Structures are given as structure tokens and as C-alpha cells.
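Take a look at the structure set out below.
The values are calculated or read from the model by the stated rules, or taken from the named source; none is laboratory data. From a predicted model like this one, the values you see are computed outputs, not experimental measurements. So basically every Cβ, Gly included, is an ideal-geometry build from the backbone, and we count neighbours across all protein chains shown. Ligands, DNA and RNA are excluded from the accessible area calculation, which covers all protein heavy atoms including side chains. Shrake-Rupley method; radii C 1.70, N 1.55, O 1.52, S 1.80 Å.
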Amino acid sequence: AFSLFVKAKEVPAAGRCAGGGGGVRWRCCRQAFEDLAGIHRHVALQHGGDIGQQAGLAAEVSPSSGPAPAGNGDGLNGHSCSSPEISCTLPDTSHLSYEDLTSKVGEVLLYYCYCEVKDPEKLSAWQKALCQHLHLTGKVRVASEGINGTVGGSKVATSLYIEVMLSQPLFKDILGKEDFKSSAGGAHCFPDLRVGVFKEIVPMGIDPKIVSYKETGIHLSPQEFHREVEQYLSQASQEQSDTILLDCRNFYESKIGHFQGCLAPDIRKFSYFPSYVDENLELFKDKRVLMYCTGGIRCERGSAYLRSKAVCREVYQLKGGIHKYLEEFPDGFYRGKLFVFDDRYAICSNEDIISACRYCGTLWDQYKLCSSQHCRQLVLTCPSCRNKGLTACCPVCQEKELKVTSRASGQIVKEECECTMRRPRVPIEHVLQRTLDAGK
């Protein structure tokens, strides 16, 4: 496992000069290494946990197998794995330069695949090795129910990643090229690479054995969903409609962008969604529900949970999520920005700004983290207000930040935020009083 990790950090011969000197042979953690002892020392000190995770994968490599040509066969770096269900291949990158794999002009991929995974640990170890091999950063969640990932890197690296994923026997006939949503970005959009095994590939807090992705709603293509929304918005009163256009994302996502006329729950986490449904069952009684989320994955389990309550007439979901819809209808019924879970925070397809600065009310939709160290809330504060020092999410945090900076460093402060305290964990919708304004 140690050897495989070091091998993945090699700088291709063709790119060694371009990468910063003819002597550079390995790169890791933005450092260059010219001798074997140097890279070995670095890996031993900094990546012990990564090696441990890959050890289980490396142990399954047949010791009697001779090396196969690079990029061929089903083994990690040319060796074969015992399980026929998970191919452990790392692609041949010897023909690519270091610049090809690390260019900042790249993209971010978003994808998921629900399928039965018998050995999640093995799939996770291979994913980590693959991403490191291609210099990708991001987050990948693996579970017995499938895989969910968002990774960033050069266009050469992401294209190769898609190619390898589509050749993975585990995803054959399930995952297609169209299931990868892409946007401009790169490895710089994430602080690091995080790959791990979880109980769910999207954290809803419900055991996948109780509410399965196999019981999902009816998938609608972007064109079909567009027609449904058009018909819904054409009705004189959305309140009296037999249809609900449901945004199953978090409040800070829908705040900067959403479909016109939607119902956007004021929840902070997707794990609150089941409770939201339970507390508002009367709202969904005998309704046709059109659900949507960022890339489609939350709708898979969310629609299954809603269907399990047996109160809706029909449950539909947007296949590929907002990402795919905006590819075909950049000026359609979705207005504002699309929130993404990386350092960009938002990407846009139209020029609409539907949210405002938290302090002065000026139209503004660029999120920043609350400046108080103890808080993880996002805040909309325009440049003018930021210049005045208004950089926290609320007065409570603003005051606490001043107190913290005046005290000794290292002091742990409990998160206390007006934004969280005044928001009920599970909001109850008042159906008769709620106005769904199609123009908002």
C-alpha cells in the first residue's frame, strides 16, 4: 500500500521540467521531492492514515500475478483484485504531463450512483487511490447503497476520471456519462480530498433498509419537468392547485436561487426533511408533488420517504436536478444562483439576484462564512457592509467575535447564533395563510 501511494505521486517524465525542475520526481501536498528518501519520509509522516486505508485493498492483490501493461487488466497498477465486482484499475497517465493533470483551468464534477456495494471499504480505498493518482480534490461518500461524489481537477483529469468510472464493472448499465454534472472550476475549489465509508451516501438520517432508493418517485427529464412547472405557474392560484413544487434543499440554498412558485422549507439540514414531512402531512394530502434538488440525489431518498407516507397522489422528481435543468433551460423557471458545496458557494446561469444583504438590504447573493470563529453559518453581506466591519451572520456573532478577539487565543466558545435560535428546527406550514408568489 505504501508503494502504491508513492507511485501515484510520481511526476510523469514528460512533465518534470515543466513542473518545476528536471530533478523533481514526486509531488505531494504541494511539495516537490527529488529523491526517494524524501518522498518516503513525507508519506510516512503525513499519510499514515491513508496508507492504512489502502492496506486492505493492496492485501487483495494476488502476489503471484506478474505486472500487466499499464492501464490494462482489472488490477491496481496492473495487478488483479480478488473481487470481480470492483475493478481496482488506476489509469495509465505516463503519456500525460504534470501540467495536464494539475492545470487550474478545469471543472468540478457532481455525480451519484445507487447500487448494491458488497465491499464499501474496498471501493472507498480504490476511489482514494484513483483521485490521488489524478490529482483530484473533493468529497466522495461510499456506502452499501452506492456512491456520491463531487470532485475537482483539470479537464484532462476529470475526463479520465469519468472514463474510468464508466468502465467500472460495479456501475455497468447503471451509471452513464450524462449522470456526471460539470461546471467550471478545478482542484482549487476544495481544500483537500475526503473519501470515506458512511451508512448513507446522502445524510437523511433514515436507515436505507427502512426507506430505500428503490422506492423513489417518478423521474422527469428537464424537458418534462419544465412543461410541468409551466403548467403549474399558468394556473390562476397556486394555493388552490393540486400540485406542489417542492424544493427539498436547505434554506440557505433556496434563498439565493429557486424555481418560481416553489415551496422551500426553512430547514438547515437535509436530515430534518423527514421530520418536516411528518409535521406537514396535511399539506401533501392528495397532492401531485414535483420535487427538485441540486443534482437529483436528495430527491431519490426524499421522494421515497414522501411516498412511504401514502398521502400524496403522485410524486415526481427532476432527474439530474437543477444542474441538468440549467444546461437546457438557462433562462427557464429557475431564477438566481445555484448553491454548490465547495469554495465557490454558487454558480450562475442567469443574471437574476433574488436575495439581499443581511444588513442593508441591497441585492446580493455571494455567500461568505460568518467571521466568528465558533460559527459555521453562511452570511450575505455586501462589500459596503463588509468594509464597515459587518461580517458576521447576526448581531450575536458580531458581538461575540469582538469578545473572542480581545481574549486569549485558543479559548473554545460554544456556538450560539441568533440565526439558529430563531429558526424552528422543523417549520410547520400554514397552508391557508401561505402565499406562493410565482414572481418571487
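Each residue of the range 262-268 in turn: what ³J(HN,Hα) in whole Hz from Karplus with 6.51, -1.76, 1.60 and θ = phi - 60°, glycine and Pro shown as x?
With coefficients 6.51, -1.76 and 1.60, one gets 7, 9, 10, x, 8, 10, 8 Hz.
Pop a pseudo-label 7 angstrom from the Cα along the beta-carbon direction at both Glu282 and His188 and give the gap in nm to one decimal.
5.3
Take every DSSP beta bridge with both residues inside the range 218-347 and express the antiparallel ones as a percent of the total, to the nearest 5.
If I count the DSSP bridges inside the range 218-347, around 30 percent turn out antiparallel.
Please list, by residue number, every one of the chymotrypsin sites (Phe, Trp or Tyr not before Pro) in the range 305-399 that is coil in DSSP and has at most 16 other beta-carbon atoms within 10 Å.
For chymotrypsin sites (Phe, Trp or Tyr not before Pro) across the range 305-399 that sit outside H, G, I, E and B with at most 16 neighbouring Cβ atoms in 10 Å, the list reads Phe341.
Taking Cα centroids, how far is the range 102-126 from the range 214-230 in Å?
Here the answer is 26 Å between Cα centres.
Once the piece of chain linking Glu328 and Ser275 is laid out straight, how much longer is it, given 0.36 nm per residue of separation minus the C-alpha distance between them?
Using 0.36 nm per residue and subtracting the Cα-Cα distance, I get 15.7 nm.
Using a 1.4 Å probe and counting only protein heavy atoms, arrange Ile354, Ile210 so the residue with the most accessible area comes first.
From most accessible down to least: Ile210, Ile354.
Among Val311, Ser271, Gly332, which residue has its Cα positioned farthest towards the positive end of the charge dipole of the range 218-347, with +1 placed on the Cβ of Lys and Arg, -1 on the Cβ of Asp and Glu, and the dipole taken about the Cα centre?
My answer, from the dipole projection, is Ser271.
Give the carbon-plus-sulfur fraction of the accessible surface of the range 218-347 in %, rounded to a whole number; probe 1.4 Å, heavy atoms of protein chains only.
Of the solvent-accessible surface of the range 218-347, carbon and sulfur hold 45 percent.
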